[in-house]
Amino acid sequence: MIDILLNKKIGNNTYNYKLKTNSKIIAIMGQSGAGKTTFLRLLSGLLKPDSGYIKINNFVMYDNDKVNIKTKLRQIAYIFQHDNLFPHLNVAENIGLGLNVNQVENIIFWLEKFGLGYIRNSKITNLSGGEKQRIALIRALLHNPRLLLLDEAFSSLDEENKNILYNEIKSVLHSYKGHTIIVTHDYKEAMKLADEIFYLSDNKFNKVWNNYIEGEIKSIEEKDSGDIFSISSGNLLLRGIILKDFIKVGDIIKVEIESVKVKIGNMTYNEENFVDNNLLKGIVVKRIDNVYELSVDDKIIYARSDITYELNSQVNIFIKYKNVNIVK
C-alpha cells in the first residue's frame, strides 16, 4: 500500500499532498507547475518535507521528525526523461553498477525478458532511445526498489518505441515486489501502464476519469436495500445508497462515481437491468483509448467501454445506486 501525507512550503507556494492506494502502478498527471516533480523529490528524499509521512507497504520512510530514512536507504529508484547511462560502458556494465557479482545471472534474465540479450556487450552510444530506457529500467529493477519513480521517462521516445515499451513493461512492473509511480503528461501512456490514474490540481489528487458531482440532497427514501438519496446538480438527478447516516435533505454534498462502474450501450430491456439503476442518456463527446467523455444534460460523465461508439452518437448510461459514493 502507498500511504502518503506531505506538506512543503517552497517560496510562495505551499504543497499539500495526500495519497492512499493499494494499486501497484499509479500515474500522476497535471498541468506544469502543479507540483508533480516536487512530489517525487519529496518521496525520494531529495527534498525534505515540512511535515507528514511516507509509508510504503508499512515501511516508514519519513514521519515528521521521528523518522527520516536517508535517500540511499529508502530503496527508491528514480528514472528521468534522460536515461543517465554511462556512454563509456557497455550495456551489461551499466546495468551491473552497484550490484553484487552473484547478480550477473539476474542481468542476463532481465535482458532476455526484454528481448535485449543480444545487446549485452553493446556500447550505450549504439542503442536506440527505446533500448536505452529499457536498460535504465532493468538497472533500476535489479536493485529491488520499494518504490519506482518514472518522471516523464518515455516522453522523448517516438510513438512506435513507446507502444513497444508499453506492451512490455506493464507486466514487468506488476511482477516485481514494489510500487511504481509514473508522472506523465501523456493520457495514452497513463491508460496503457497504470492501474489507477490521478490528476494533481489545487494540491489534491483526483482520480482521473472518475466522476465528481456536487449537488443538493433532494430526498431520502427508506428501502429494504438501504436508504436511497437523490442528488440534484443542475439538470442532472442521481440516486445513491446511504452507507452512513450523516446527511439530510438540503445538504450540499459531493459524490464520486468510478468510470469503470458507468455502463454504456444498449442493455436488454428487462426488469433486472433497471432495478436500482440510474438511467441516463448521453452524447459521445470524446474518446481516449477505452474512455468515453459523455455529455449528460449540462454535465460531463466519463465511462469505460471496449465497444466503439461514434462521436456525437447517443448512448444509454447505466449507473447502479450502490456505485454513487458520497465523498462529502
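Derivation of every value follows stated rules applied to the coordinates shown; laboratory data play no part. These numbers were taken from a predicted model, which means no experiment stands behind them. As a convention, Cβ positions derive from the backbone with ideal geometry for all residues, glycine included, and neighbour counts pool all protein chains shown.
Miscellaneous remarks
- Taking each of K188/K254; K218/K254; K281/K320; K207/K254 in turn, the alpha-carbon distance tops 18 angstrom for K188/K254.
- Residue-count net charge about E196 - beta-carbon cut-off 12 Å; Lys, Arg +1, Asp, Glu -1: +1
- Rg/Rh (Cα only; Kirkwood hydrodynamic radius) as it applies to the chain: 1.04
- Estimated purely from DSSP H runs of n ≥ 4, each contributing -39500 (n - 2.57), the mean residue ellipticity at 222 nm for the chain is -5500 deg cm²/dmol once divided by its residues.
- Length-normalised contact order of the range 211-326 in % [C-alpha pairs under 8 Å, at least 6 apart]: 29
- Per residue, the average separation of C-alpha pairs within less than 8 Å and at least 6 apart gives the chain a relative contact order of 16 percent.
- Geometric extent, Cα atoms of the range 211-326 - Rg, Dmax (angstrom): 14.3, 42
- Taking a straight line from the alpha carbon of K70, these aspartates and glutamates sit under 19 Å away, with near neighbours fewer than eight places off in the same chain left out: D3, D50.
- 0 to 90° range, to nearest 10: angle between helix 129-141 axis and the chain longest Cα axis: 90
- The angle between the Cα long axis of helix 104-113 and the main principal axis of the chain comes to about 50°, on a 0 to 90 degree scale.
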